[in-house]
Ligand SMILES: Nc1nc2c(ncn2[C@@H]2O[C@H](COP(=O)(O)OP(=O)(O)O)[C@@H](O)[C@H]2O)c(=O)[nH]1
Ligand SMILES: [Mg+2]
Ligand SMILES: [Zn+2]
């Protein structure tokens, strides 16, 4: 007799499972012959995976990994063909950013958004720390909203300090497994803590250096919000976790939703939206229908990816 549960934590040798939405984690090990089952991945099972398990005396054994609706992976190293599965079955990514402290970097934000599109993870953008700049920067905030709402994203404004938007954030997480992502220092851990003050999370400067090396020993972990009533969160250690895996140059525009739409009218397919005559994307940028910032991020990514593929 087997039952199903979700992997909520992975520590090298064993796993913690829980039958969500109930939060009663128990230990399990992986059946030996499952270890090599996943293509190039260094880890066959990730946080968020739905698995079948069997009781074997006092212990539980994972016997099967059920099909994933999505998963985040990164290459083990830049040139490696091996990859590491960071998390699976994510219902929504909360991409946390701020206009200042730290200052917004469009290419950085857009890279995360592209990654989420690539892995088919729905996104809500969370513009945090509004207490620090909303009064002085109303125009900049409006411009930010115009860019990202124009691209098709939902944008929340939040402040852990003033409490702005925290209820909306709570609603966005309820009943879901959410991944918090975004540049270090934007307030991911603080926001998660505001959703459940009892959680023991690392806030402030956490070390991500060890995650950028060749071997990842730290794994993602799922936390229940208010015992699971508020949903579940995965706090990602940093952007470096999001290396793009096997993205072809021609593919990049597919993951900018507003470009994908416009590209249907380009004269040539495939079109890199750079030099081609009759390019509908360039046309839309010139008319201000696609933001110059997003297009610049696109060009930057095109150049970056080009370096790896001659
Ligand atoms: N003023 C202000 N500070 C914040 C806000 N959110 C987080 N912080 C501070 O920003 C720093 C980084 O927050 P943290 O949650 O660790 O960011 P993370 O690296 O994204 O997890 C901490 O000192 C927080 O207290 C906010 O909404 N307003
Ligand atoms: Mg953090
Ligand atoms: Zn084009």
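The values are calculated or read from the model by the stated rules, or taken from the named source; none is laboratory data. All figures in this text were calculated on a predicted structure; none of them were measured in a lab. Positions of Cβ are generated from backbone atoms using ideal geometry, with glycine treated the same way; all protein chains shown enter the neighbour counts.
Observations on the structure shown:
Per-residue answers, yes or no, for (1) assigned to a helix (DSSP H, G or I); (2) touching a residue at least 40 places away in the same chain (Cβ under 8 Å); (3) at positive phi:
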position	(1), (2), (3)
142	yes, no, no
159	no, no, no
163	no, no, yes
167	yes, no, no
170	yes, yes, no
181	no, yes, no
194	yes, no, no
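- Restricting the stretch 83-115 to residues that are in a strand (DSSP E or B) and touching a helix residue (DSSP H, G or I) at 6+ places or on another chain (Cβ under 8 Å), the residue that is farthest from residue 46 (Cα to Cα): 97
- Of the criteria (1) under 21 Å from residue 230 (Cα atoms); (2) touching a residue at least 24 places away in the same chain (Cβ under 8 Å); (3) out of contact with any helix residue (DSSP H, G or I) (no Cβ under 7 Å at 6 or more places or on another chain), which one residue 12 fails: (1)
- Residue match in the stretch 47-59 (condition: assigned to a loop (DSSP other than H, G, I, E, B) and within 21 Å of the chain's Cα centre (by Cα)): yes
- Residue within the stretch 209-224 that is closer than 27 Å to residue 16 by Cα, at pLDDT 95 or above and either assigned to a loop (DSSP other than H, G, I, E, B) or not assigned by TED's automatic domain parsing to the domain that holds residue 261 (or both) present: yes
- For the stretch 122-136, filtering for residues that are touching a helix residue (DSSP H, G or I) at 6+ places or on another chain (Cβ under 9 Å) and more than 16 Å from residue 165 (Cα to Cα) leaves 2.
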